[in-house]
1. So which of Ala18, Ala91, Ala24 is touching a strand residue (DSSP E or B) at 6+ places or on another chain (Cβ under 6 Å) and surrounded by fewer than 19 Cβ atoms within 10 Å (Cβ to Cβ)?
2. Output the qualifying pairs, or none if there are none: Cβ atoms under 9 angstrom, residues six or more apart or on different chains, first residue in the stretch 34-54 and without any contact (Cβ under 8 Å) to a residue 40 or more places away in the chain and within 7 Å of the ligand (Cβ to nearest atom), second residue among the small types (Gly, Ala, Ser) and not in a loop (DSSP other than H, G, I, E, B).
3. Are any of the residues in the stretch 86-97 within 12 Å of the ligand (Cβ to nearest atom) and closer than 26 Å to Lys2 by Cα?
4. Quick one: how many residues across the stretch 94-116 are loosely packed, with under 14 Cβ neighbours inside 10 Å and touching a helix residue (DSSP H, G or I) at 6+ places or on another chain (Cβ under 7 Å)?
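Bear in mind that the values in this text are calculations on the coordinates, not laboratory data. As the structure is a prediction and not an experimental result, all values here were calculated from the model. Cβ placement follows ideal geometry from the backbone for every residue including glycine, while neighbour counts extend to all protein chains displayed.
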Amino acid sequence: MKDWTAVCSLDELPRLGARRVARARGMPVALFRTGDDRVFALLDRCPHKGGPLSQGIVYGDGVACPLHNQTISLADGHARAPDEGCTPTFACKLEDGRVWLDAEELAAKALDLQAPVAGPCAKAQA
Ligand code: FES
């Protein structure tokens, strides 16, 4: 049996948009709301090069990553062909106008995945 935790109301999640849920450890979870008010939760990390999916464009039941425009399925986290890769999904439900996530998954899932390093990474010249 899952230990559900309420993270926001449906009204706080924009239609065809997203918001981030911070975790005590690990990368944030991105919540998505489709045009027909379904909700999904993915790790906020594109499987391609780690782009922030929460800043992508939601259409249908997918999100287009803001970095290189790969489309990720909100239902299973898989990149749509011809692209490859998968980002972790989180159990999510909508009940009584609130969005709920599995507390155990929030605490323990995908803690090994890191945020990408942005910007120049050149080492200082001697
Ligand atoms: S990082 Fe998302 S498509 Fe490249």
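1. Details: Ala18 fails: surrounded by fewer than 19 Cβ atoms within 10 Å (Cβ to Cβ); Ala24 fails: touching a strand residue (DSSP E or B) at 6+ places or on another chain (Cβ under 6 Å).
The match here is Ala91.
2. Pairs found: His48/Ala79.
3. Taking the stretch 86-97 as the starting set, the residues that turn out to be within 12 Å of the ligand (Cβ to nearest atom) are 87.
Checking which are closer than 26 Å to Lys2 by Cα leaves us with 87.
Scanning the stretch 86-97, I find at least one residue that is within 12 Å of the ligand (Cβ to nearest atom) and closer than 26 Å to Lys2 by Cα, so the answer is yes.
4. Summing the residues that are loosely packed, with under 14 Cβ neighbours inside 10 Å and touching a helix residue (DSSP H, G or I) at 6+ places or on another chain (Cβ under 7 Å) in the stretch 94-116 gives 1.
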